[in-house]
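What follows is a set of notes on a single structure, which appears directly below.
Every read-out reported here was derived from the displayed coordinates using simple, explicitly stated rules and does not represent laboratory data. Owing to the predicted nature of the structure, the values given are computational and were not obtained by experimental measurement. For neighbour counting, all protein chains shown are included, and Cβ atoms are generated from backbone atoms with ideal geometry for every residue, glycine included.
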Amino acid sequence: MSLENIITEAIKTAMRAKDKVALDSLRAVKSQIQLLKTEAKGAEVSAEQEIAILQRMIKQRKDSYEQFTAQGRTDLAEVEDSQMKVIEKFLPQQLTSEELETEIKNIISQTGAESIKDLGKVMGLASKALAGKSDGKSISEMAKKLLS
């Protein structure tokens, strides 16, 4: 079952439950998927593209949450946080920091990276291998830590 179908079913459930936050979040996700399909001119949307959409939406909400919190707008920050939690349910299981460290150590040994100068090689492989399982910022921080 594609993400779009799963989201459609979740929208129906949210409508029945009268869950406004979930409904708004899910409609935004469906809208982004539809937009991607339109841009692809009818081509099938891959799972990687769907995961990228979800990650981008979570990042946007995280940034908004931080800005609203800094400005003292807790009412708006709570909405962003709630939407983030709804969207995160549709991402694959995220790696723990220990699992992420293990994966990046494996990638470092595969590439033969020895110092921070080889970060580009490691990040290229790690970003592809860990797409959807961890965000780019966490991957980058762990790689820098292990290479320095």
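Points to keep in mind about this one:
- Nearest 10 degrees, 0 to 90: helix 97-111 Cα axis against the chain principal axis: 50 degrees
- Charge dipole (the stretch 42-117, unit charges on Cβ, about Cα centre) - positive-most of SER46, ALA113, GLY72: GLY72
- For GLU103, GLU39, the sequence from fewest to most other C-beta atoms within 10 Å is GLU39, GLU103.
- For the chain, the longest principal axis of the alpha carbon atoms and the long axis of helix 47-70 meet at an angle near 80°.
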